[in-house]
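Coordinate-derived values only; no laboratory data. What you are looking at is a predicted structure, and each value in this text was computed from that prediction instead of being measured. Because the Cβ atoms are built from the backbone with ideal geometry, glycine has one as well, and the counts that use them run over all protein chains shown.
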Amino acid sequence: MTVWDRPEPPARPVPLDRERIVAAAIALADEGGLAAVSLRKVAARLNAGPMRLYGYIATKEQLFDLMMDEVQAEILPEEQPGGWRDALRTLAHRTRRTALRHEWLADLLGGRPALGPNGAAVAEATLSALDGLADIDTVMRAVETVSAYFTGAIRREIANLRAERATGLSKHDWQRASGPHLTKMLATGRFPALSKAVYDGTDLDAETAFDTGLDWVLDAVATRLTSSPQ
């Protein structure tokens, strides 16, 4: 039985339902990450006994499934964009913005899909954007490729944000602090490709880098869709 099929017990003096439980869990995770979430802490935030939560949710993993599904509602656009490329671009950017609001989402992206109602809606919106453009296996590989790109890019961006908070150093502070060591390494001549990247490469902001990489992936998908039999 999935968590969405599990019946809710009757209300008691402190009213509880899955919606309130999930909202409390998301608030805890927004404040301190997934490590800050436990059934005991959620119950304390709701002024309820921990055992009461087991009437609604059997495990912390089920709670994570519910939390992820809840924030996936923020990914869905109000209107489906026209054209498969715009649709996948919109879903990728909305996923990134949702993860920046709820950084713990980056830790759950890419895992096995729980497919609650919002997760299923996101999957439907993604697959339907490519419907009819190629055979279903090609469509699924295209979706997996785009998803793998933005999942990795989002995780990297969130990891950098966490590192900034942990060290107190911004990206540019870290670059300045690492500069003397890097300069000495590059001066040895052993790393010519790295040296070219450091001295000649363009330093893009996170959103521009995300969008550029996404464009390249979508270009590759477009080539594959064009050459694939329908």
Kindly express, to the nearest 10 degrees and within the range 0 to 90, the angle between helix 171-187's C-alpha long axis and the longest C-alpha principal axis of the chain. 40 degrees
Roughly what % of Cα-Cα distances in the chain sit above 34 Å, to the whole percent? 33 percent
C-alpha long axis of helix 84-101 to longest principal axis of the chain, angle in °: 70 degrees
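Which order do THR90, THR202, THR167 fall in if you start with the one that has the fewest other Cβ atoms within 10 Å?
Values: THR90 18, THR202 7, THR167 11.
Taking fewest neighbouring Cβ atoms as first place, the list is THR202, THR167, THR90.
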Farthest positive-ward along region 84-227 dipole, Cα basis, beta-carbon charges - from SER227, LEU194, PRO180: PRO180
Pairs of lysines in the chain (C-alpha under 21 Å apart; 8 or more residues apart or interchain): 4
Toward the positive end of the charge dipole of the chain, about the Cα centre and with charges on Cβ (Lys, Arg +1; Asp, Glu -1), which of LEU115, THR95, ALA48 goes farthest? ALA48
Tilt of helix 60-72 relative to the longest C-alpha principal axis of the chain, in degrees (0 to 90, nearest 10)? 70 degrees
Projected convex hull area of region 18-72, Cα atoms, direction-averaged, in nm², equals 3.2 nm²
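If you rank PHE150, PHE191 by fewest surrounding Cβ atoms within 10 Å, what's the result?
Details: PHE150 23, PHE191 14.
Ranking PHE150, PHE191 by Cβ neighbours within 10 Å, fewest first, gives PHE191, PHE150.
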Of all the C-alpha pairs in region 59-183, what % are more than 19 Å from each other? 55 percent
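Using Cα pairs under 8 angstrom and six or more residues apart, how large is the relative contact order of the chain, in percent? List each step's numbers first, then the result.
On the way: 172 pairs, mean separation 40.7, N = 230.
For the chain, the relative contact order is 18 percent.
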Charge tally for neighbours of ALA134 with beta carbon under 11 Å away, counting Lys, Arg as +1 and Asp, Glu as -1, is -1
